[in-house]
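J.: This structure is in structure tokens; I'll ask about it shortly.
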Amino acid sequence: EGLWRWSSHFGEWGHEVGSVYLETDDAIVLIDPLVPEEAADEARFWRALDRDVERHGGPVHVLTTVFWHVRSTPRMVERYDACIHASSGARAAVLRRAGRVDQVYRGAAKLPGGITAYPTGSRSESAFWIPAQRTLVTGDVIQGAGAGGLALCPASWLTAQNSLGRLREQLQPLRALPIERVITSHGAPVLANGHVAIEALFGGA
């Protein structure tokens, strides 16, 4: 309840990418929002989101797992005066793409909607833990692999200062979370036994 994932075709990538809507008592949080490209789908999307925002009556916040996923954030600001949050490592890049940043956080930070941001080993990327739904939301570094599994991003996506081994080291705190779901931006989400899928990234059972 209060948690939705939708997927939209992203022209630059040529495939579907995921976005997240979280509704709590005190806020609506959009993570990596992307408005559908097709006119009919776009109109349907705005009708639904306008209805939910009006019904809720609270503030709208936007989080991006990684600055590449700013996507339709400027449109959320224009329509709802949404508050944009960015990690300190992603602030400059989000500002360039979204036009503004309202709140900056560092490290494992508490965010609206009861969300906790976790560093990922990539300086500009965070994963978001939603404890009420036992759900982890990931951007680029953790992707859906199908059949209820997960995979780390291709090594080619990493900078020269990073490596898949370093990612695993930095992602270690996620292993302690009671994760049931992993909502991914790329690839199919994991909707059950998320802790098992996370553990498998480290060679566990």
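Any read-out appearing in this document is the output of simple, stated calculations on the displayed coordinates, not a laboratory observation. Computed from a predicted model, the values in this text were never measured in an experiment. In this analysis, Cβ positions are derived from the backbone assuming ideal geometry, glycine residues included, and neighbour counts consider all displayed protein chains.
J.: Given Cα pairs under 8 Å that are at least 6 residues apart, what percent is the relative contact order of the chain?
T.: Once normalised by length, the contact order is 15 percent.
J.: Now for a separate question. Can you give the local net charge around Ile179? Use residues other than it whose beta-carbon is closer than 11 angstrom to its beta-carbon, Lys and Arg +1, Asp and Glu -1. Before the final figure, lay out the partial values.
T.: On the way: positive: Arg134, Arg175, Arg181; negative: Glu180, Glu199.
Net charge around Ile179: +1.
J.: While we're here: For Cys83, which sequence-distant residues (separation of 5 or more, or a different chain) have an amide H within less than 5 Å of its own amide H, given hydrogens modelled in the peptide plane?
T.: Correct list: Val60, His61, Val62.
J.: Sorting check: for 191-197, 71-77, which peptide has the highest mean count of neighbouring beta carbons within 10 Å, and how do the rest follow? Let's see the in-between values first.
T.: On the way: 191-197: 16.7, 71-77: 20.0.
Top to bottom by mean Cβ count within 10 Å: 71-77, 191-197.
J.: Relative contact order for the stretch 53-151: what is it in percent, counting Cα pairs under 8 Å that are at least 6 residues apart?
T.: Over the stretch 53-151, the number comes to 21 percent.
J.: Right, something else. Kirkwood hydrodynamic radius (Cα pairs, Å) of the chain?
T.: Hydrodynamic radius (Kirkwood, Cα only) of the chain equals 17.1 Å.
J.: How large is ³J(HN,Hα), in whole Hz, for each residue of the stretch 128-137 in order, when computed from phi with the Karplus curve 6.51 cos²θ - 1.76 cosθ + 1.60 and θ = phi - 60°, using x for Gly and Pro?
T.: 10, 9, 10, x, 4, 10, 6, 10, 10, 10
J.: Okay, next question. Let's see if you can work this out: charge +1 on each Lys and Arg Cβ, -1 on each Asp and Glu Cβ, no other charges. What is the dipole magnitude of the chain about its Cα centre, in debye to the nearest 20? Can you show the working numbers first?
T.: Working: 20 positive and 22 negative charges, 128 e Å.
Dipole about the Cα centre, nearest 20: 620 debye.
J.: How large is ³J(HN,Hα) for each residue in the stretch 179-194, as worked out from phi by the Karplus curve 6.51 cos²θ - 1.76 cosθ + 1.60 (θ = phi - 60°), to whole Hz, x for Gly and Pro?
T.: Once θ is set to phi - 60°, the couplings for the stretch 179-194 become 6, 9, 10, 10, 8, 9, 7, 10, x, 6, x, 9, 9, 8, 6, x Hz.
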